[in-house]
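I have placed the structure first, in the form of structure tokens, so that the comments after it can refer back to it.
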Amino acid sequence: MVKWFLSHLAIQQLTITTMKKILITGASGFVGSHLVEEALQRNLEVYAGIRKTSSREFLQDSRINFIELNFGDKDQMANLLKRKQFDYIIHNAGVVTAPKLADYWLVNRDYVKNFADAVIASGEMPEKFTFISSAAAYGPASEEDLTDFLKEEDVPNPINTYGKSKLEAERYLAQLPDFPYITIRPTGVYGPREKEIFVFFKLVNRNIEGYIGTRKQHLAFVYVKDLARVVLDATTSSFSQKSYFVSDGRYYAQWDLGKAAKRILNKKTLRFHVPIGLVRGVAWFMEQIGKGDGKYPTLNLEKVRILESVNWKCDIEPLKEDLNFQPQYDLEEGLEETLAWYRENGWL
Ligand SMILES: NC(=O)c1ccc[n+]([C@@H]2O[C@H](COP(=O)([O-])OP(=O)(O)OC[C@H]3O[C@@H](n4cnc5c(N)ncnc54)[C@H](OP(=O)(O)O)[C@@H]3O)[C@@H](O)[C@H]2O)c1
């Protein structure tokens with residue numbers, strides 16, 4: 001009995017001492033909360049990087065440790081990082097839509113630089129620093145040649161401030177000597193808790209199916225659980241100083257979203273197309289009004305540029321080669337789970 005107890009204790013101690021520590025920033029958000037879940041499943045000691053005001057609605061697991069980082073304060077971060085000695089860091093915090101263009105530069109570029117500088121200043125280099133960038137840092141791919149797709153060796157050509165700010169952050173990390181970064185560039189991410197594409201599903205649920213323009217788009221998506229899996233695979237792998245695009249490897253027309261949602265929700269819809277010229281005109285008008293109070297409107301010319309881009313194909317072969325990435329969900333399968341979640345949680 002005593003022997004059994006001692007060996008049991010030894011195993012427990014071994015588990016405790018070998019548990020690796022991971023910090024995930026932006027943990028309160030859509031992608032971040034799924035990264036936290038994936039990290040917990042892998043028995044990592046998880047630290048959710050949040051701010052005072054962040055919601056903890058999707059961070060209820062009692063194994064989660066919380067840590068407040070101030071990306072504007074390098075010393076505060078360096079001290080914290082020195083104390084905690086993380087094995088892995090996933091820097092996922094970022095702004096996807098911002099009320100001011102300056103916010104993209106501040107959060108998506110300057111805060112990434114500050115955070116990486118703090119990691120170096122702490123003297124505690126993690127095994128990996130994974131940066132969640134976006135396909136928008138490179139794209140879109142060619143509008144004329146629809147066989148074209150985004151790939152690592154392309155010259156990046158971001159068309160909005162969001163993409164430009166992500167690209168500058170990527171470039172900063174890449175030039176830091178011996179910095180163990182991995183850059184992940186997801187395409188459109190969907191799944192439970194997502195709030196932007198959700199607006200479209202909400203309308204479909206009310207029998208309305210609206211599109212901007214009539215030109216067929218070639219869109220790429222990834223289900224958030226596939227993304228979380230491959231981000232953790234990349235983070236814990238031996239690869240570093242590399243960048244990867246992430247999609248489910250398929251391409252979808254914009255109305256494939258509506259088609260799948262209608263089938264799953266069992267809805268018939270009134271389908272309409274708003275002329276792109278009209279949307280552009282409204283966006284321009286909103287921007288002129290916004291200038292008065294220094295705000296950038298939700299519908300703006302940058303957003304229209306993204307909404308009308310037709311080619312978001314990207315290359316996931318490097319992910320397959322290095323990390324054996326095999327997406328487990330296509331759009332139909334992912335949406336089955338997603339829409340079920342929206343319903344179960346009273347969003348639809
Ligand atoms: N969703 C997509 O389709 C998609 C596609 C490609 C790349 N990405 C990237 O994935 C990452 C997560 O995006 P998401 O869709 O999950 O967005 P989200 O739900 O809006 O989450 C953003 C997270 O970043 C945090 N954050 C924002 N500004 C911050 C600041 N100034 N200081 C500290 N934390 C801050 C937010 O914290 P609070 O909760 O406190 O606001 C939140 O936890 C972003 O870097 C985004 O660029 C997303």
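The values are calculated or read from the model by the stated rules, or taken from the named source; none is laboratory data. Note that the structure is predicted; figures quoted are calculated from it, not measured. Using ideal geometry, Cβ is built from the backbone for each residue, glycine included, and neighbour counts are taken over all protein chains shown.
The table below gives the values:
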| item | result |
| --- | --- |
| All positions within the range 171-193 that are surrounded by 21 or more Cβ atoms within 10 Å (Cβ to Cβ) and under 20 Å from I306 (Cα atoms) | I184, R185, P186, T187, V189, Y190 |
| Matching residues, the range 26-64, being part of a strand (DSSP E or B), more than 9 Å from the ligand (Cβ to nearest atom) and over 19 Å from T235 (Cα atoms) | none |
| Matching residues, the range 131-146, being hydrophobic (A, V, I, L, M, F, W, C) and either more than 23 Å from P186 (Cβ to Cβ) or not in a loop (DSSP other than H, G, I, E, B) (or both) | F131, I132, A135, A136, A137 |
| Total residues in the range 282-299, condition within 29 Å of the chain's Cα centre (by Cα) and either over 17 Å from I197 (Cα atoms) or in contact (Cβ under 8 Å) with a residue 40 or more places away in the chain (or both) | 11 |
| Qualifying position, being farther than 19 Å from K195 by Cα, touching a helix residue (DSSP H, G or I) at 6+ places or on another chain (Cβ under 7 Å), away from the ligand (no atom under 15 Å from the Cβ) and of a type in the set (A, V, I, L, M, F, W, C), among I90, I22, I67 | I22 |
| Residue match in the range 175-188 (condition: in contact with a Gly (Cβ under 7 Å, 6 or more places away or on another chain), closer than 17 Å to A220 by Cα and at pLDDT 95 or above) | no |
| Yes/no for R193 being touching a Cys at 6+ places or on another chain (Cβ under 8 Å) and either within 10 Å of the ligand (Cβ to nearest atom) or in a strand (DSSP E or B) (or both) | no |
| Residues located in the range 88-130, provided they are assigned to a loop (DSSP other than H, G, I, E, B), over 19 Å from L232 (Cβ atoms) and modelled with pLDDT of 95 or more | V95, G123, E124, M125 |
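Residues checked against (1) of a type outside the set (S, T, N, Q); (2) crowded, with 18+ Cβ neighbours inside 10 Å; (3) at pLDDT 95 or above:
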residue	(1), (2), (3)
G281	yes, no, no
W284	yes, no, no
E287	yes, no, no
L319	yes, yes, yes
D322	yes, no, yes
P327	yes, yes, yes
E333	yes, no, yes
